[in-house]
1. Between Glu220 and Val245, what is the FRET efficiency for a Förster distance of 45 Å, r being their Cβ-Cβ separation, to the nearest 0.05?
2. What list of ³J(HN,Hα) couplings, whole Hz, do you get for the range 104-120 from phi and the Karplus terms 6.51, -1.76, 1.60, once you set θ to phi - 60° and write x for glycine and proline?
3. Within the chain, what is the longest stretch that has no GluC sites (Glu not before Pro) placed in a DSSP loop and near at most 11 other beta-carbon atoms within 10 Å?
4. If amide hydrogens are placed 1.01 Å from N in the peptide plane, which non-local residues have theirs closer than 5 Å to the one on Lys354?
5. Which FRET efficiency value, to the nearest 0.05, do you get for Glu116 and Lys158 by plugging their Cβ-Cβ distance into 1/(1 + (r/R0)^6) with R0 = 22 Å?
6. So what is the relative contact order of the range 245-363, in percent, for Cα pairs below 8 Å that sit 6 or more residues apart?
7. Give me the distance between the Cα centres of the range 116-141 and the range 41-70, rounded to whole Å.
8. Tell me, what is the percent relative contact order of the range 89-235, built from C-alpha pairs under 8 Å that lie six or more residues apart?
Amino acid sequence: MIAQTQTRVLTCIQCGKCTGSCPESGRTPFNVRMLMRKKQFQNAIEESIPWYCTSCGSCTIRCPRDVKPSEVIIEMRAALVENGSIPVTIQKALENTFVQKNPWGRSRAKRGAWFEKMDIEIPHVSETETKRLLFACCIQAYDPRCMVIPVNVATILKKAGIEFGVLGEEEACCGNEIRRIGESGLFEELQEENRATFEEYGVKEIIALSPHCMNALKKEYGDLGIKISHYTEVLAPMFTYGTVVPKGSYNKKVIYHDPCFLGKQNGIFDEPRDILKSVNGLELLEFSRSRDNSLCCEGGGGRMFFEVEATYQRNAEVRVQDAVNRGAEEIVTSCPFCVMTLEDPATEKGIKVKELSEILMEVL
Ligand code: SF4
Ligand code: SF4
């Protein structure tokens, strides 16, 4: 793997397409093209630099030589993890994930708290006929702001007559961010644990609530023989073909923010938009940087767990200002990482951030 990466880096022609598309390069001390140059010559790299990368994937999508710069950066981080030269908060997130299977170290026994308070009964996946699993995600299982998302999606699926079950405390972190932090050993442990649980209960289909979980389960767990979708892919046909009809209307100008792990990395651009277009009264606006040009919110790649040193206008602030300039009343997205990063600057500007399911709950 290391030899392969080094070979790929040697083919870099220093065209700069990676830097041109990178949300960090040019505004911070980070420059992905220069980083690839240093790697080619095996020059020393300052330890703080690889942590700027948000794992948005733009560089890897644009690179004409298949260098996969985002993967090269993961390898650089892996060397830092091995030496123990990593930010303290990242270290803590790794330790927490090792012990409690979530980066915040919240009790594993509480992972099912989001559905235990619901009015409707949610079965364990083993008790379902379809063996269709709703995979919650660490943020949505524990964070008070995001816990409403699985509750909403579960309610909507129930209304639509879709059978599903959950794993509760048997669900472990998907490991998407853990792999990107460079802790491949811990990622493999999480992967093995989740795989074994899926096998034990004969899981046939997974509806992931977070694009990050969907990405890991779909692309980084090997062939599970399980159909894996993001929840917007499941809901879009129901809303488009009228199986589910929003009764209320939503008379607001709403702008959709594409999450990197849903959009540019997995090509899911239309489904969330199709759902929003089915809502009466909703005026859907677009950012000038949308779809595969969408500006990363800077929540991925471990950036959720620590603050970089450089002072610069954060992408979330830029994004909120863009939304205001476009005349949006609300920013809607379909990823808990984006909700978390956009919400603070949005509150400052007096504009709301909604996760897509929150709008649906208001109109169904
Ligand atoms: S886009 Fe690819 S080839 Fe061009 S500078 Fe970046 S890594 Fe090198
Ligand atoms: S993954 Fe995104 S943030 Fe990281 S180097 Fe590539 S373009 Fe920059």
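1. FRET efficiency, Glu220 to Val245: 0.75.
2. 8, x, 6, 4, 4, 4, 9, 5, x, 4, 4, 9, 5, 8, 6, 6, 8
3. Values: sites that count: Glu46, Glu121, Glu129, Glu307, Glu309.
Counting at most 11 other Cβ atoms within 10 Å as exposed, the longest clean stretch of the chain is 130-306.
4. Answer set, sorted by chain and number: Ile331, Val332, Thr333.
5. Efficiency at R0 = 22 Å is approximately 0.90.
6. For the range 245-363, the relative contact order is 33 percent.
7. What the calculation gives is 37 Å, centre to centre.
8. Relative contact order here is 25 percent.
Throughout, read-outs are computed from the coordinates displayed, never taken from laboratory work. All values reported here derive from a predicted model rather than from experimental measurement. Because the Cβ atoms are built from the backbone with ideal geometry, glycine has one as well, and the counts that use them run over all protein chains shown.
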